[in-house]
Amino acid sequence: MQDDADSIQELLQRIQLEPLEVNLFRGQSRDLGYSRVFGGQVLCQAVLAASATVEDRLMHSLHAYFLRAGDPFAPIVYDVDRNRDGHSFTARRVVAIQHGQPIFTMSASFQVKEVGLEHQFAAPDVPDPDDIGPPEPLAADGLSTLPGNIRCWINRFGPFEFRRVGSYDAVNPQPQVPCQQIWFRLHGDLPEDPVLHRALLAYVSDFHLVGTATLAHGISPLDDKLVMASLDHAMWFHRDCRLDDWLLYACDSPSTSGGRGLSRGMIYNREGTLIASTAQEGVIRVRKEIKRKEKE
């Protein structure tokens, strides 16, 4: 099993981009157990690609669409279109390409640093992450009932630590209000690079978000009958943050319909400052058991 430093270095190396030509970059992928590229990885690399073409301003919003499942065993090429360089705002569009086809598109906006009006929603009143402690591992008998790819996902050692507020039984879920709060942080230290912190925040924001929509129905994301995939991802960066300190992800899901679920999220630091907001719609389908009649 990797230690914290090795896990972080692996993540940082994995998201690095190789410049191929002006506005053209190549990134590597990794199979996390689902035989497709993790959407947060593509988001993260697209943020880095767009940011590499911008100077003296930071990304404040992104709107992305996942068009095709990414191949985790092939590199991804990121093509950046410099839409506009204005006095205060800069616009970029990124297309991620694999095997000659776009798998992802993102529009992003950057802004010079300004001072202006300030307000925010208050952070939820939840226990401190130090009072929650790390989650209990799933029991062996519970793991044995899950498909192999799910066991791989649960057992893999990652650079992020998550601590859920309140209890949740992923193996035997019950219908509940579609809201959840999860503390998260990166194990170890990161350099003082606001672009890297925003890119990694985009990476981790894809965890747990669309799954919030399943809570109202008592369906576990671990259920192999559940088909769930992100369709899009929107994110607004309100203030600077550090990923190597605890952040709170407060998520809710206002609606599921038509085989889709909508989830929203707000990310706060330990002081209760609103760092970022997210929204995501995903495919949420439950495979039906098909009973075949025996032929006479």
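The values are calculated or read from the model by the stated rules, or taken from the named source; none is laboratory data. None of these values were measured; they are calculated from a predicted model. Quick reminder, even Gly has a Cβ in these numbers, built from the backbone with ideal geometry, and neighbours come from all protein chains shown.
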Residue match in region 219-230 (condition: among the polar types (S, T, N, Q), modelled with pLDDT of 95 or more and over 30 Å from P191 (Cβ atoms)): no
Which numbered condition H208 fails, given (1) part of a loop (DSSP other than H, G, I, E, B); (2) touching a residue at least 60 places away in the same chain (Cβ under 8 Å); (3) under 15 Å from M266 (Cβ atoms): (2)
Which numbered condition L67 fails, given (1) of a type in the set (A, V, I, L, M, F, W, C); (2) more than 27 Å from V22 (Cβ to Cβ); (3) free of Cβ contacts under 8 Å to residues at least 40 places away in the same chain: (2)
Qualifying residue in region 74-81 (condition: closer than 18 Å to V204 by Cβ, of a type in the set (V, I, T) and surrounded by 15 or more Cβ atoms within 10 Å (Cβ to Cβ)): no
Odd one out for R292, checked against (1) modelled with pLDDT under 95; (2) in contact with a Phe, Trp or Tyr (Cβ under 7 Å, 6 or more places away or on another chain); (3) more than 23 Å from V126 (Cβ to Cβ): (2)
Test result for R270, touching a strand residue (DSSP E or B) at 6+ places or on another chain (Cβ under 6 Å) and surrounded by fewer than 17 Cβ atoms within 10 Å (Cβ to Cβ): no
Contacts under 6 angstrom Cβ, first residue in region 226-246 being within 19 Å of G158 (Cβ to Cβ), partner among the aromatic types (F, W, Y), 6 or more apart: S230/F66; W246/W183
Scope region 221-251; condition within 18 Å of L200 (Cβ to Cβ), in contact with a Pro (Cβ under 8 Å, 6 or more places away or on another chain) and assigned to a loop (DSSP other than H, G, I, E, B); matching residues: D240, W246
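Taking region 3-51 as the search range and keeping residues that are among the charged types (D, E, K, R) and modelled with pLDDT of 95 or more, which one is farthest from E161 (Cα to Cα)? Let's see the steps before the verdict.
Initial filter on region 3-51 (among the charged types (D, E, K, R)): 3-4, 6, 10, 14, 18, 21, 26, 30-31, 36.
Then drop every residue that is not modelled with pLDDT of 95 or more, which leaves 18, 21, 26.
Values: E18: 28, E21: 36, R26: 28 Å.
Looking at the filtered set, the residue picked out is E21.
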Candidates Q98, Q45, Q111, filtered to the one that is surrounded by fewer than 22 Cβ atoms within 10 Å (Cβ to Cβ) and in contact with a Leu (Cβ under 8 Å, 6 or more places away or on another chain): Q111
Output for region 183-203, where each listed residue is within 22 Å of P127 (Cβ to Cβ) and surrounded by fewer than 23 Cβ atoms within 10 Å (Cβ to Cβ): W183, F184, R185, H187
Number of the condition not met by V95 [criteria: (1) assigned to a strand (DSSP E or B); (2) within 27 Å of I275 (Cβ to Cβ); (3) β-branched (V, I, T)]: (2)
